[in-house]
1. For a protection proxy built on the mean count of beta-carbon atoms within 10 angstrom, sort A:6-18, B:239-251, B:11-23 highest first, please.
2. Give me the extension gain from B:Thr46 to B:Glu86: residue separation times 0.36 nm, minus the current Cα-Cα distance, reported in nm with one decimal.
3. Do any of A:Lys96/B:Lys236; A:Lys159/B:Lys247; A:Lys49/A:Lys225; A:Lys49/B:Lys244; A:Lys209/B:Lys244 go past 27 Å between their Cα atoms, and which?
4. Rg(Cα) of the protein assembly as shown divided by 2.2 N^0.38 Å?
5. Out of the DSSP beta bridges found with both residues in the range A:164-308, what percent are antiparallel (nearest 5)?
6. Rounded to two decimals, what is the ratio between the C-alpha radius of gyration of the range B:108-216 and 2.2 N^0.38 Å?
7. How do A:Val227, A:Val205 line up, fewest other C-beta atoms within 10 Å first?
8. Sort A:189-201, B:201-213, B:113-125 by the packing proxy (mean of other Cβ within 10 Å over each peptide's residues), most packed first.
Amino acid sequence: MEKQDMDLTVNLGGIIMKNPVAVASGTFGYGREYEDYLDINGLGAVIVKGTTLEPRHGNPPVRIFETAAGMLNAIGLENPGVEVFLNQHLPYLIDKDVTVIANIAGNTIEEYAALAARLEGCKGIAGIELNISCPNVKQGGLQFGTDPVMVRDVVKTVKANTSLPVMPKLSPNVTNIVEIALAAQEGGADALSMINTLMGMAINVQTRKPVLANVFGGLSGPAIKPVALRMIYQVHQEVDLPILGGGGIMNTLDALEFMMAGATGISIGTGNFVNPRLAYDIMVGLQEYMQENQINNLNEIVGIAVQK
Amino acid sequence: MPLQENGLVINHQQVAQDMYIMEFMAPAVARECQPGQFLHVRPGNTNDPLLRRPLSIYDADQEKGSISLLYRVVGAGTSLMTGIRENDYIDIVGPLGRGFTLPAPSKTALLVGGGVGIAPLVYLGRALIQRGCQVTAMMGAANENQLVAGDRLLEIGVPFLPVTMDGSRGYPGMVTDLLVPPVYPEEIVIYTCGPEPMMAKVAEYAQRYDIWGEVSLEEHMACGVGACLGCARRLKANDEAYVKVCKDGPVFNIMDVEF
């Protein structure tokens, strides 16, 4: 197979990516932070840091803690607010040749609506990832993501306020992930992003207190990969939406596992911290895999491991 | 410009209990290293420990293309690092962060280091001497064996005053006990790195006598490049916003930090 015959393009419910590899919200800043290490134009998509209507200072430290093959974080959605995002950070990415996905978070359903409306018509945004699963903020966040009725309603409201494709990011902190995914589909979601972090904690034995100032944080990294795979597999079986899959992807083989479990695209999160050019390396690795296995379109393997 | 490089380890030695100096060839990164900056070091190739470790640049030889790190074993990552041998490769990203500001050559620089905190002050001392500054180092440690950077400082041409808590070498007590009222405070600049109570005393001293100075802070980090916002710190208790030690620091003006 020649390189020119390979088609890496991905259509994630209307979000077109030149290849399946996205970088996850909150792990890649606004792209510029990683420009010294990789060619941003080589990425499938950059999902920018979660944006709220007003600026947020985030949680007090300690915010992060390394655990076995993973890490906990409780950043608390620190961000400069939607106006600063649009005026100071988005222009950098617009100048690049890369798909940009905004990530929005609100305290109330009205805030989600206002954010979607604010992004409407903004040049350079290909889609909206809905953060309904942040475990680290007091209001909103996770509480939206664990109740199917609220998931449906928030997706519906956002859809009513935007013409962009909408992709809710699902929380794994639920009993039945399929029920949540179906609710998102009912609300009109164009794609699903999964999974967000698993809620966890660590305790400092010396001080006899929780390590994180927020007490609980979100677990990410290779430690959560089996959970992410299982949930993507289950959702792919029952729901007809394209999935952007992630959770502890550290190399090309991991990425292929996610695709075989049903992910159309994959997202790199914590792995960016370990290898700042990981997303690019995986994109190259997928091309090599296609060449070696005579695959001209990766869609051929999406969900191939799923027994229907 | 920071970059990722695989450094070829040419020397790795234990210099005290739990303290090691590793030197490796990384010419592209070495060329860029400024005093006070750090490298984000991957301790191994496995997923556990997972994250990189931020380590101060102890010394760099830009002509030779080598960088040295002085590190203390504090957990799983640094413990794994001790097994790295000569001719192994070490995966580094750097140099990262905002380093020290160099003063006018006419100034006298005071370096106050505690424990492994002496590390960034050594490379700073080299730059200050090259600049023509007068430099004196005050180096505190628990005991004689933990005073590890003395030879390197002498080689660079920085006289140092050793201080040990157990009195086994030099002045017995705390390194900050040596901070006496200056005759010409405007001629002095002060740089410090070490345990926070020590830096707090240095900051108090600088404030009292109105001495310009900088501190190098330490924080657990994930990305090291300002993306994850994990290494947040309020510089002053009443600040609303958090700085990121990796990107806004690790070096800060001594007057801007409340300990």
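1. On the way: A:6-18: 18.7, B:239-251: 20.2, B:11-23: 16.5.
Put in order of decreasing packing, that is B:239-251, A:6-18, B:11-23.
2. On the way: separation 40, 0.36 × 40 = 14.40 nm, distance 1.95 nm.
Full extension of this stretch gives 12.5 nm more.
3. Values: A:Lys96/B:Lys236 38 Å; A:Lys159/B:Lys247 37 Å; A:Lys49/A:Lys225 22 Å; A:Lys49/B:Lys244 15 Å; A:Lys209/B:Lys244 24 Å.
Flagged as over cut-off: A:Lys96/B:Lys236; A:Lys159/B:Lys247.
4. The value comes to 1.04.
5. On the way: 5 of 12 bridges.
Once the DSSP bridges in the range A:164-308 are tallied, antiparallel ones form about 40 percent.
6. Details: Rg = 12.7 Å, N = 109, 2.2 N^0.38 = 13.1 Å.
In units of the 2.2 N^0.38 Å rule of thumb, it is 0.97.
7. Details: A:Val227 16, A:Val205 7.
Ordered by Cβ neighbours within 10 Å, fewest first: A:Val205, A:Val227.
8. Numbers: A:189-201: 24.5, B:201-213: 18.1, B:113-125: 27.4.
Final packing ranking: B:113-125, A:189-201, B:201-213.
Where a number appears in this text, it was derived from the coordinates with a stated rule and is not lab data. The model shown is predicted, which means the values in this text are computed figures rather than measured ones. Here the Cβ is made from the backbone with ideal geometry for all residues, glycine too, and neighbour counts use every protein chain on show.
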